[in-house]
Every structure is written in structure tokens, then in C-alpha cells.
1. Given Cβ point charges of +1 (Lys, Arg) and -1 (Asp, Glu) and nothing else, what value in debye, to the nearest 20, does the dipole of region 5-177 about its Cα centre take?
2. How many Å² of accessible area per residue for region 1-68, probe 1.4 Å?
3. Determine the shape class of region 24-171: with a ≥ b ≥ c the square roots of the Cα gyration tensor eigenvalues, call it rounded for a/c under 1.5, and otherwise prolate if a/b is greater than b/c, oblate otherwise.
4. If I take every Cα pair under 8 Å that is 6 or more residues apart in region 42-124, average their sequence separation and divide by the length, what percent do I get for the relative contact order?
5. Using a 1.4 Å probe on the protein chains only, how many percent of the accessible area of region 5-177 belongs to carbon and sulfur?
6. Two decimals is fine: what's Rg over Rh for region 86-178, C-alpha atoms, Kirkwood radius as Rh?
7. Mind checking which of Thr169, Gly87, Pro97 is farthest towards the positive end of the chain's charge dipole, using Cβ charges of +1 (Lys, Arg) and -1 (Asp, Glu) about the Cα centre?
Amino acid sequence: MSPILTTPRLTLRLPANDDAERITLFLSDYAVASNLARVPFPYRMGDARAWLRSRRPDLPPEETNFAIELADEGYAGQVGFHRGDNGIIIGYWLGTPFWGRGIMTEAVTAALGWFFNTSDADKVLSGVFVFNLASLAIQAKFGFTETGRSSVLSLARGREVEHIDTQLTRAQWMDKHS
Ligand SMILES: CC(C)(COP(=O)(O)OP(=O)(O)OC[C@H]1O[C@@H](n2cnc3c(N)ncnc32)[C@H](O)[C@@H]1OP(=O)(O)O)[C@@H](O)C(=O)NCCC(=O)NCCS
């Protein structure tokens, strides 16, 4: 499966080896990495290459990641799905030059629409570190609700951080998008 999603400003496509340099540039920024659980810091080109090697085109929806591209500005970040201990998780990040322009709201809309159309999952999990109000604001727009609090290791911070656990059910998504 090689899905390509288009929105008014963005193309979402599978990540490619050529993205390694931009991924490294953007994830080498502590402002990005420190809001994520699984990104080491400092982040090196070898980390990007290793991750890209794991991105085969035949992965199921719950393991699919999209590179986010803007027409004139190129690669901007990622949005994607992975399996966690309690279910399927959506995660996302943008390089700092792209923050504050509504890009992730647009990308997450496309990714969730594709996911609920393509899989039969009845919900998607997510969450934010307690201080990540921008990400919480994005999730609130889609109807994600808090399911509890946990402690999640941030590799970049090198410690556990209080985490707001959230979920979006298929019914909540359909309520707003059918
Ligand atoms: C979180 C992140 C993806 C946001 O991307 P973005 O394209 O700037 O987000 P958007 O512009 O689509 O939406 C952000 C929303 O948060 C709001 N927001 C931003 N900063 C905020 C703050 N400090 N407090 C409350 N709301 C805030 C914005 O007003 C906007 O809402 P609006 O559209 O209603 O005005 C981006 O900052 C990022 O990649 N951060 C680092 C990685 C990360 O945090 N990933 C998510 C981990 S859970």
C-alpha cells in the first residue's frame, strides 16, 4: 500500500530515504524532540536512516507513517500510526519553521480520515506531555478526550514526564466528519 493524501496545502506520502537530511535537521531541535517520547537527543543522521529502513511500503494502516510536504517548502514533518501496549497510537511532529500555521491540524485531519476509512479500528489513542498545550489544542479540535494520566519516558529529556492520555473513538470522529 502506497497511499498519497492531498489537502489544500499539503501532500502526505510515505517517507523516503531522501528525507533523512531534513528529518535529522528538524529532530535535532530540542524544541521538537523534547515533546516526543521516542526521539533521542542529540538526533543523528544514523537515527533517521535506521527509522527509514523500517518504513516498508507494505505496512498495515496501524503502522503507516506519512511525510508531510508543502508545495513550495518541501518536507516539513511526520504524522503516523504505531501499535502501543494499549492500542493504536497517532503521533506527529513538525519542524519549527512550520509551527503556528495550522499545518498539523490539516495533516491530522487527512491522516485520521484515511485511517478510519482504511482500518476497522474502533479508536485511536494519543496523548501529550502535560506542558504541550499546542498539541492538546489540536487533539481537542478532533474530539480526543482525556482517559487518564501516566508517566512516559522522554528519550530526549532522559526522564519520565507526566502524560495526558487521550483517545478518539470512531464514533466521535464520525460525529464530526460523516
Ligand atoms: C504540536 C505541533 C505539531 C503543532 O503543529 P502546528 O502546525 O503548529 O499546529 P496547528 O497550527 O495546526 O494548531 C495548533 C493549535 O494550538 C494552539 N496553540 C498553540 N500554542 C498554544 C499554547 N501555548 N496554548 C494553547 N494553545 C496553543 C494554536 O492556537 C492552534 O489552535 P487554533 O488553530 O485553534 O488557533 C508542533 O508544535 C510540533 O511539532 N511540536 C513538537 C512535537 C510535538 O509536540 N508533537 C506532538 C506530540 S503529542
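The values are calculated or read from the model by the stated rules, or taken from the named source; none is laboratory data. Source: prediction; values computed, not measured. Here the Cβ is made from the backbone with ideal geometry for all residues, glycine too, and neighbour counts use every protein chain on show. All accessible areas refer to the heavy atoms of the entire protein, side chains included, with ligands and DNA or RNA removed. Shrake-Rupley method; radii C 1.70, N 1.55, O 1.52, S 1.80 Å.
1. Working: 18 positive and 20 negative charges, 31 e Å.
The dipole of region 5-177 has a size of about 160 debye.
2. Working: 3640 Å² over 68 residues.
I get 54 Å² per residue for this part.
3. Working: a/c = 1.32, a/b = 1.12, b/c = 1.18.
Rounded shape, in that the Cα axes give a/c under 1.5.
4. Details: 80 pairs, mean separation 18.8, N = 83.
The normalised contact order for region 42-124 reaches 23 percent.
5. Values: 4390 of 8520 Å².
The value for region 5-177 is 52 percent carbon and sulfur by accessible area.
6. Values: Rg = 13.6 Å, Rh = 14.0 Å.
A ratio of 0.97.
7. Pro97
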